[in-house]
Amino acid sequence: MAGNTITKPSDLSCTPSRAARELGLKRGEFDLAVHLGRIRTAPDEGGGGRRVTHAEIDRLRSADGFPETLLESVRTVGTTDGAALMQVTSARFTRLARLGLVVPVKFYLNRYRAVVWLYLAEELRQFAADKNHTALLNGRTPEGMRDQLQEGLDLRPRNWRGRHLGFLLRQADSPWERAGALAALLDPVQVAEIVQDPYERAYLNRFRPDPPAHGAPGSPAARLAERIMTAEDPDEISWLRADLAQVLGEARGHRPAPRPAAEPTAPRSTVERAAPRPTREPAGSPPTAEPVGPPTALSEHPPEQEPAPEPQRSRGMLGWLRRRSA
């Protein structure tokens, strides 16, 4: 009997919620671990999202230092804790982040709808331990960097978008999903300029990931998250458009966008048979309706005053001789 047992995909894998519980992670920590590639997932064959195999869970649980090592690899800190971790002031840490030297991995909106950036504690420790960064951590900020900061440079949103795009592309299993990931970072007007076919654009939107959830759809918090998700710098927009055009060509070759089937036209013989045929009236019967069109000169006179028909003027040479003799 054991040889005839059919193994279902659900017997070999589990949902992300269950996997997070078995690994001792909160759902946000689990999602971040998936994005970072710490936890491998597989697409659900039934179309129900991604799943985690039991073999992957066993691999993680058998690793040295589990679960502390896994938890520490996804621990995030804000500006204050990050500055303490790197032993610098909060102001210096913010300058380093605005210059793009430390890259945020997540963000959320506080109750005042201010953006709070989060960084991987593991990456901050590595940055602080690098001897090449000693001058940036303890010395005076270089003049060129100070000028950029005075001009309002802030690379935190752009660097987060680049990192988030890497997360999305890592989970994409087809060219259409990769195209959707690129389109998620572009304004819809930019996407419409590249994908001019409405059927392709509608199909592409099916694979376009939503921005991180912040508030109800249409709320000020959700609109702010969408603005952070959308590319703003001209050079960033330029390479996103170029990549989208290239991946879109691969997607068309992989699977064309579905289109509605053309309506069949009726055969000509059917149309002709459907047209009503004119009815014939018996010979000598009076007309049943007035003739269509303007009245002729003959119908303006009553029958008793009907003038005699005018002789025909032209019958060739013979008609001309007869008229002369008359």
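Quick note: the coordinates plus some simple rules give every number you see, no bench work behind them. None of the values given here were measured: they were computed from a predicted structure. Because the Cβ atoms are built from the backbone with ideal geometry, glycine has one as well, and the counts that use them run over all protein chains shown.
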Within segment 66-97, the residues whose backbone N lies under 14 Å from a label point placed 7 Å from the Cα of residue 125 along the Cα-to-Cβ direction are 66, 68-77, 82, 85-87
Per DSSP, the loop-located GluC sites (Glu not before Pro) within segment 125-234 having at most 14 other beta carbons within 10 Å are 151, 232
For segment 42-73 the GluC sites (Glu not before Pro) that pass both the DSSP coil test and the at-most-12 other-Cβ-within-10 Å test are 45
Residues whose built amide H sits under 5 Å from the amide H of residue 13, excluding neighbours closer than 5 in sequence, are 54
Charge tally for neighbours of residue 135 with beta carbon under 14 Å away, counting Lys, Arg as +1 and Asp, Glu as -1, is +3
tail above 20 Å in the computed P(r) of segment 149-229, as % of all Cα-Cα pairs, reads 41
Highest mean packing first, using Cβ neighbours within 10 angstrom, the peptides 108-114, 185-191 sort as 185-191, 108-114
Residue by residue through segment 215-226, the couplings from Karplus 6.51 cos²θ - 1.76 cosθ + 1.60 with θ = phi - 60°, in Hz, x for Gly and Pro, are x, 5, x, x, 6, x, 5, 5, 5, 5, 5, 5
For segment 177-207, listing trypsin sites (Lys or Arg not before Pro) in a DSSP loop whose Cβ sees at most 12 other Cβ atoms within 10 Å gives 206
Taking 0.36 nm per residue of separation between residue 12 and residue 134 and subtracting their Cα-Cα distance, the length gained on full extension comes to 39.0 nm
Distance in Å, no decimals, from the C-alpha centre of segment 77-126 to the one of segment 153-167 is 13
Residue by residue through segment 227-236, the couplings from Karplus 6.51 cos²θ - 1.76 cosθ + 1.60 with θ = phi - 60°, in Hz, x for Gly and Pro, are 5, 5, 6, 9, 5, 10, 5, x, 6, 5
In whole Hz, the Karplus estimates of ³J(HN,Hα) for segment 125-133 (6.51, -1.76, 1.60; θ = phi - 60°; x where Gly or Pro) are 5, 5, 5, 5, 7, 6, 5, 5, 9
Computed over segment 84-172, the relative contact order (Cα-Cα under 8 Å, seq sep at least six) in percent reads 37
Mean projected area, convex hull of alpha-carbon positions in segment 91-212, reported to one decimal in nm², is 10.4
